[in-house]
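Only one structure is covered here, and it is reproduced in the block below.
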């Protein structure tokens, strides 16, 4: 009976559009102790909600009484092409907010299961719920931990969301995923802020995704230039991963998403963002994960990108923030102006040296 029901559930989940589906027992996560140590070392930064819910995260059975099985699904979000922009957005945030997309699909799945088994109880967990999704996904065979701390599927790479449906039913469990990075350390070497302090260990306080989304205060100065042009999130450690890149004479592991709601939306130019008011922001990014940064955070990020670009055309859009009532935005604007000024000073010095060298050359030729 469990085998037949499990097979039916997996077929139904795939029919709903999930690219990966597996089943794991509801148990203490394999990396529970590592997670608690990570919190104790302060690597979570201001994400204090992780510590508040730590007890639930290491005991998923507490989220749903009598939970026996976890149906874990993966939904690919990789776009076929990145949309044209003058900044960078993490791939997962290019389409509609994934929370709503996955939750809707899992609600449909739960209703179908309860139609088959009326006594079954379920709890849907999509990112914001207090579970260690990657551990359950690993137990369900969806993927293994990479050195960049992302879950990697050997056949599909790492560009996929994870959703969990806890059930009070006993199902047939999959074997844990097997795989590894070997000696590869491309992600560690590519991280511009040094957030990957060791294989499998992320200091979130240095991570560009954390800095541009979770952090509500000023971004530390030492991380601003390394941020480059990332406005929301970061994909660098995934972009360099061999499991997300083309193989010789073989197709990409990370295939484009088939979900219409995850297709990239059109995005405003950086200049438009710098001129957005809060109401404009709320309307333009309605139904997008980008709203998580809030207007204040996105403007802060945009000012830093403007500073990194050192484009004189952006200066008139930066200057109004020098008089803004928010001290964080004033400081970000001041930094951006200084970056442009620094570039101009270097340019003048180089020009002066070139003129001097030219003069020396002409004297020698005489």
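The values are calculated or read from the model by the stated rules, or taken from the named source; none is laboratory data. Every value quoted in this text rests on a predicted model; they were computed, and no experiment measured them. Virtual Cβ from ideal backbone geometry, glycine too; neighbours counted across all protein chains shown.
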So, residue 226, is that one under 20 Å from the mean Cα position of the chain (by Cα), without any contact (Cβ under 8 Å) to a residue 40 or more places away in the chain and not in a loop (DSSP other than H, G, I, E, B) or not? yes
As an exercise: evaluate residue 102 against (1) farther than 26 Å from residue 211 by Cα; (2) buried (at least 18 other Cβ atoms within 10 Å of the Cβ) and give the number of the one condition it does not meet. (1)
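Would you confirm, using the coordinates I've provided, whether residue 200 is modelled with pLDDT of 95 or more and surrounded by 17 or more Cβ atoms within 10 Å (Cβ to Cβ)?
On the way: modelled with pLDDT of 95 or more: yes; surrounded by 17 or more Cβ atoms within 10 Å (Cβ to Cβ): no.
Here the answer is no, as residue 200 does not meet what is asked.
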How many residues are exposed (fewer than 14 other Cβ atoms within 10 Å of the Cβ) and in a loop (DSSP other than H, G, I, E, B) when one looks only at region 45-81? 5
Looking at (1) closer than 23 Å to residue 28 by Cβ; (2) at pLDDT 95 or above; (3) touching a strand residue (DSSP E or B) at 6+ places or on another chain (Cβ under 9 Å), can you tell me which one residue 127 breaks? (2)
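In this structure, is residue 42 at pLDDT 95 or above, part of a loop (DSSP other than H, G, I, E, B) and farther than 18 Å from residue 164 by Cα?
In short, yes.
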Of the numbered conditions (1) crowded, with 16+ Cβ neighbours inside 10 Å; (2) under 30 Å from residue 108 (Cα atoms); (3) not assigned by TED's automatic domain parsing to the domain that holds residue 47, residue 175 satisfies every one except a single condition; which is it? (1)
Please work out which residue is surrounded by the most Cβ atoms within 10 Å (Cβ to Cβ), limiting yourself to region 267-296 and to residues that are closer than 21 Å to residue 224 by Cα and in contact with a strand residue (DSSP E or B) (Cβ under 9 Å, 6 or more places away or on another chain). 273
Given the conditions (1) under 22 Å from the mean Cα position of the chain (by Cα); (2) part of a helix (DSSP H, G or I), which single one is not true for residue 3? (1)
Residues in region 143-157: is at least one touching a strand residue (DSSP E or B) at 6+ places or on another chain (Cβ under 6 Å), in contact (Cβ under 8 Å) with a residue 60 or more places away in the chain and not assigned by TED's automatic domain parsing to the domain that holds residue 16? no
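For region 297-321, enumerate the residues that are part of a helix (DSSP H, G or I) and either on the phi > 0 side of the Ramachandran plot or loosely packed, with under 14 Cβ neighbours inside 10 Å (or both). Before the answer, list the steps.
The first filter runs over region 297-321 and keeps only residues part of a helix (DSSP H, G or I), leaving 297-309, 312-321.
Those that are part of a helix (DSSP H, G or I) and either on the phi > 0 side of the Ramachandran plot or loosely packed, with under 14 Cβ neighbours inside 10 Å (or both): 312, 313, 316, 319, 320.
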Subset of region 131-169, residues at pLDDT below 95 and over 28 Å from residue 193 (Cα atoms), comes to 155
